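Inspection log for the structure reproduced underneath, given as structure tokens.
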Amino acid sequence: MLFVVVCRDSEPGSARRQEALSAHRDYVDSQREHLVISSPLLDSDGETRRGQLFVVDFPDRAAARAFANADPFVRAGIFDSVDINGFRLVFQDGQRV
């Protein structure tokens, strides 16, 4: 099942984010088989990171929550909130799927 995971930074542009970035990237790379989309959320300046968006494929919400909780950004307190919702893809690349 697909889930959208929206993570919001507690302090946008925080130095803690930079400190944990390498571990976060390694973790995300290790989860490739579950990733549909992974992208930072950016401020209106197009540079400052405000959070992270994932669309992931897991059997249930508990597995998606475990994925989010294991992210080094979560463990480092980078995110103020992590919301997980079921997701159904309706359009992709301008086409109904």
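We did not get these values from a lab; they are worked out from the coordinates using the rules stated. Keep in mind that this is a model prediction, so the values were computed, not measured. When we count neighbours, we look across all protein chains shown, and the Cβ atoms used for this are built from the backbone with ideal geometry, even at glycine.
Details
- Length-normalised contact order of the chain in % [C-alpha pairs under 8 Å, at least 6 apart]: 45
- Counting only DSSP H runs of at least 4 residues, each contributing -39500 (n - 2.57), and dividing by the residue count of the chain, the helix-based mean residue ellipticity at 222 nm comes to -8500 deg cm²/dmol.
- Its Cα centre serving as origin, the stretch 39-97 has a Cβ charge dipole (Lys and Arg +1, Asp and Glu -1) of approximately 240 debye.
- For the chain, the C-alpha radius of gyration divided by 2.2 N^0.38 Å, with N the number of residues, is 1.09.
- Placing unit charges on each Cβ (+1 for Lys and Arg, -1 for Asp and Glu) gives the stretch 1-86 a dipole about its Cα centre, and among Leu42, Ala70, Val28 the Cα reaching farthest toward its positive end belongs to Ala70.
- Placing a pseudo-label 7 Å from each Cα along the Cα-to-Cβ vector at Glu19 and Ala66 gives an inter-label distance of 2.9 nm.
- Note on Leu35/Glu11: beta-carbon distance plugged into 1/(1 + (r/R0)^6) with R0 of 25 Å gives a FRET efficiency of 0.45.
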